[in-house]
1. Filter region 397-415 down to residues that are over 28 Å from the mean Cα position of the chain (by Cα) and within 20 Å of E483 (Cα to Cα) and give me whichever is surrounded by the most Cβ atoms within 10 Å (Cβ to Cβ).
2. Starting from region 478-500, keep only residues that are on the phi > 0 side of the Ramachandran plot, then list their pairs with residues that are outside any strand (DSSP E or B) and surrounded by 15 or more Cβ atoms within 10 Å (Cβ to Cβ) whose Cβ atoms are within a distance under 7 Å, requiring at least 6 positions of separation or different chains.
3. Here's a check for you: in region 277-300, which residue that is in a helix (DSSP H, G or I) and of a type outside the set (A, V, I, L, M, F, W, C) is most open to solvent (accessible area, probe 1.4 Å)?
4. Does region 419-452 hold any residues that are open to solvent by 50 Å² or more (accessible area, probe 1.4 Å) and among the hydrophobic types (A, V, I, L, M, F, W, C), and which are they?
5. When H69 is evaluated against the numbered criteria (1) surrounded by 12 or more Cβ atoms within 10 Å (Cβ to Cβ); (2) outside the structural domain of F120 (by the TED database), which criterion, by number, is the only one it fails?
6. Of the conditions (1) outside the structural domain of T484 (by the TED database); (2) over 22 Å from A468 (Cβ atoms), E372 fails just one. Which one is it?
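The values are calculated or read from the model by the stated rules, or taken from the named source; none is laboratory data. Bear in mind that the values here come from a model prediction, so they are computed numbers and not experimental data. Cβ placement follows ideal geometry from the backbone for every residue including glycine, while neighbour counts extend to all protein chains displayed. These accessible areas exclude ligands, DNA and RNA; they are computed on the full protein's heavy atoms, side chains included. Shrake-Rupley method; radii C 1.70, N 1.55, O 1.52, S 1.80 Å.
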Amino acid sequence: QNIHLVAKWLSSLEKKLEQHSEGSHRDFRVFISAEPAPCPESHVIPQGILENSIKITSEAPTGMHANLHKALDNFSQDTLEMCSQEKEFRSILFALCYFHAVVAERRKFGPQGWNRSYPFSTGDLTISVNVLYNYLEASSKVPYDDLRYLVGEIMYGGHITDDWDRRLCKTYLEEFIKPEMLEGELCLAPGFPLPGNMDYNGYHQYIDDALPPESPHLYGLHPNAEIGFLTQRSEQLLRTVLELQPRDGGVGEGGVGTREETVQALLEEMLEKLTDEFNMAELVAKVEERTPYAVVALQECERMNVLTAEIRRSLAELELGLKGELTMTSDMENLQNSLFLDTVPESWVKRSYPSTASLGSWFADLLARINELEAWTRDFSLPSTLWLGGFFNPQSILTAVMQTTARKNKWPLDKMTLQCDVTKKSREDFASAPREGAYVHGLFMEGARWDAQSGIITDARLKELTPAMPVMFIRAIPADKQETRGMYLCPLYKTRQRGPTYVWTFNLKTKENPSKWVLAGVALLLQI
């Protein structure tokens with residue numbers, strides 16, 4: 001809807017309410033319902049209306065217990081009795097309620113829960129139950145595949161825009177809605193079997209009696225997922241508190257001075273540590289053959305130059321501003337605030353790579369990246385192991401592995417894929433690059449860990465949120481030679497924000513059903 005029209009209408013409503021406040025029937029009331037505003041600009045309800053009204057908000061329930069009861073509240077004893085295949089209908093209806101509660105509440109785990117957040121609503125659940133009723137009435141056999149498809153790809157899947165989230169949604173349904181559910185062999189979560197045929201109140205009672213206490217296990221996640229999301233929440237809270245501190249005035253005497261002195265010291269240290277830009281003309285002249293690897297190295301150096309030039313320019317400008325030789329602009333003030341609050345300045349972020357680090361760690365990381373590039377461009381021979389997280393564009397180096405192999409073997413590029421073998425060694429153990437492909441280091445796993453001895457994914461240890469991976473050997477092979485049995489297709493992301501920072505998919509060996517790792521939100525990360 002058009003927000004300006006709404007705002008205009010609300011102000012005329014306010015005038016009307018004033019007129020009717022006198023001489024109206026004493027039971028005259030106005031009810032207004034509104035959805036939460038997506039942004040501060042949409043806060044258009046006039047203050048007069050707000051001040052004179054009683055405000056009631058409907059808070060979404062939290063936790064599986066409340067969510068499961070609320071899902072079941074959409075139905076009644078009559079619903080349970082309306083279908084001729086009563087036992088099947090009731091079992092699948094309860095499983096759908098659990099599915100609905102899980103997908104709604106999984107949001108609280110951040111990117112490890114869902115890559116993006118979706119507006120799943122009770123409408124999705126009630127329509128799914130209608131579809132279930134129609135299908136069961138029309139067929140004597142339960143059409144499990146059709147039901148999973150309609151619920152997972154259309155009713156709920158219609159909201160989903162991310163392929164990995166779609167896979168997660170499908171996997172839940174494959175686990176919850178299958179023939180075993182009628183044989184009493186299905187657990188919706190560890191220690192929570194799907195209940196048998198009960199009446200409506202019986203199901204509510206069953207939730208109270210049988211549902212284990214709230215924990216990530218109820219969602220198929222590892223307990224570490226909770227530590228991660230609680231840590232991020234508290235960091236956010238502390239950062240907000242820090243940002244709310246008064247800008248001018250510090251502790252005791254010379255408060256303003258101390259703030260500027262802190263920034264000045266940091267600024268000088270950064271300018272001193274920042275190395276010269278790469279001399280692109282010299283580097284291009286040094287490249288004997290423009291191999292795919294050399295092209296990537298040159299592109300990375302160019303992007304690094306753009307970033308370091310902006311860092312040097314903005315810091316030098318701020319230094320003149322602090323000395324009083326230049327008038328302070330809003331950009332310079334923002335930069336000063338960022339340095340003081342230990343956050344990466346906006347103009348640097350724009351030219352940088354995704355990162356969740358504070359300024360101190362970000363700058364140390366930047367210097368390490370420059371170091372790697374300097375070492376690589378000395379003679380442009382491929383480093384013994386590549387730090388995959390050190391690239392602006394990690395996809396480019398992975399594509400270069402494929403291009404190099406394709407040229408060598410005269411294979412078509414579109415019929416190739418990357419094979420990823422996890423070694424048992426760390427980067428110190430490698431003296432030279434492999435004959436074909438590349439060794440890469442600096443990857444981490446979230447949601448599980450890699451068992452180097454057995455060479456498979458296994459359960460994470462408690463409190464080890466992102467264990468490091470050994471060096472991985474990446475090589476290109478024809479797509480039809482790719483081994484897919486006993487494999488978990490594991491997404492690789494640049495940061496813990498996941499979502500848009502997706503890089504590639506690697507197949508990792510697993511003894512357990514890959515669905516376990518899908519529900520646990522297992523991914524590889526390039527930085528933590």
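1. Going through region 397-415, the residues over 28 Å from the mean Cα position of the chain (by Cα) turn out to be 403-415.
From what is left, the residues that are within 20 Å of E483 (Cα to Cα) are 405-406, 411-415.
Details: T405: 20, A406: 18, W411: 16, P412: 9, L413: 12, D414: 8, K415: 10.
The residue in question is T405.
2. Matching pairs, first to second residue: G486/T510; R498/P111; R498/N115; G499/P111; G499/N115; G499/R116; G499/D162.
3. As a first pass, look at region 277-300 and keep what is in a helix (DSSP H, G or I): 280-286, 292-300.
Add one more test, that the residue is of a type outside the set (A, V, I, L, M, F, W, C), and what stays is 282, 286, 292-293, 299-300.
Values: E282: 125, K286: 95, P292: 12, Y293: 30, Q299: 88, E300: 5 Å².
Out of the qualifying residues, it is E282.
4. A431, the sole residue that qualifies.
5. Unmet condition: (2).
6. (2)
Per-residue answers, yes or no, for (1) among the small types (G, A, S); (2) more than 13 Å from V422 (Cβ to Cβ); (3) in contact with a Phe, Trp or Tyr (Cβ under 8 Å, 6 or more places away or on another chain):
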| site | (1), (2), (3) |
| --- | --- |
| S454 | yes, no, no |
| T466 | no, yes, yes |
| M487 | no, no, no |
| C490 | no, no, yes |
| T495 | no, yes, no |
| K516 | no, yes, no |
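Here is a yes/no grid of residues against (1) open to solvent by 40 Å² or more (accessible area, probe 1.4 Å); (2) part of a loop (DSSP other than H, G, I, E, B); (3) modelled with pLDDT under 95; (4) within 14 Å of E302 (Cβ to Cβ):
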site: T356; (1), (2), (3), (4): yes, yes, yes, no
site: A364; (1), (2), (3), (4): yes, no, no, no
site: A375; (1), (2), (3), (4): yes, no, yes, no
site: R378; (1), (2), (3), (4): yes, yes, yes, no
site: L382; (1), (2), (3), (4): no, yes, yes, no
